[in-house]
Amino acid sequence: QVQLVESGGGLVQAGGSLRLSCAASGRTFSSHVMGWLRQAPGYEREFVAGINWSGSRTEYANSVKGRSTISRDNTKNTVYLQMNSLKPEDTAVYYCAAASVLSVVTSRDRYNYWGQGTQVTVSS
């Protein structure tokens, strides 16, 4: 079992930056693929970024590639999402999720555990 708690969301102007954090509980954190997904009003939840258990492999949605960096610290049971050059279209609730798989997955259906989400609002 993995429990996830996100933090770091907020209101930021376009072009600004935010760093989201996700604290995980449970002894098996380091064995899970971790991901960030987001959901804007009226849209389906979509993959943003994912990282494998060791941090050696990452994947990003095209919409955030080059502007965002996912990382993890297994000693702190925490995964991060650094987002730069934010745009109004990045506005959404951002969810941290864990998947009991070996490789990074982009489908939301592959993620077993979810946090409660943190709101990111980017003003123009």
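General observations
- Formal net charge of residues neighbouring SER63 (Cβ-Cβ distance under 10 Å; K, R +1; D, E -1): +1
- Only Lys, Arg (+1) and Asp, Glu (-1) charged, at Cβ; the chain dipole about Cα centre in debye: 240 debye
- Chymotrypsin sites (Phe, Trp or Tyr not before Pro) within region 1-78: DSSP coil, no more than 13 neighbouring Cβ in 10 Å: TYR43
- FRET efficiency, 1/(1 + (r/R0)^6) with R0 30 Å, evaluated for SER85 and SER107 via beta carbons: 0.70
- Under DSSP loop assignment and at most 13 Cβ neighbours within 10 Å, longest trypsin sites (Lys or Arg not before Pro)-free interval of the chain: 77-124
- Each of GLN3 and TYR43 was given a label point 7 Å from its Cα along the Cα-to-Cβ line. The distance between the two points is 3.1 nm.
- 37 °C / 0.692 mPa s Stokes-Einstein diffusion coefficient of the chain, Kirkwood radius on C-alpha pairs, µm²/s: 233 µm²/s
Here, each number is a calculation from the coordinates, and none is a lab measurement. It should be emphasised that the depicted structure is a prediction, and the values quoted were computed from it without experimental measurement. Note that each Cβ is placed from the backbone with ideal geometry, even for glycine, and that neighbours are counted across all protein chains shown.
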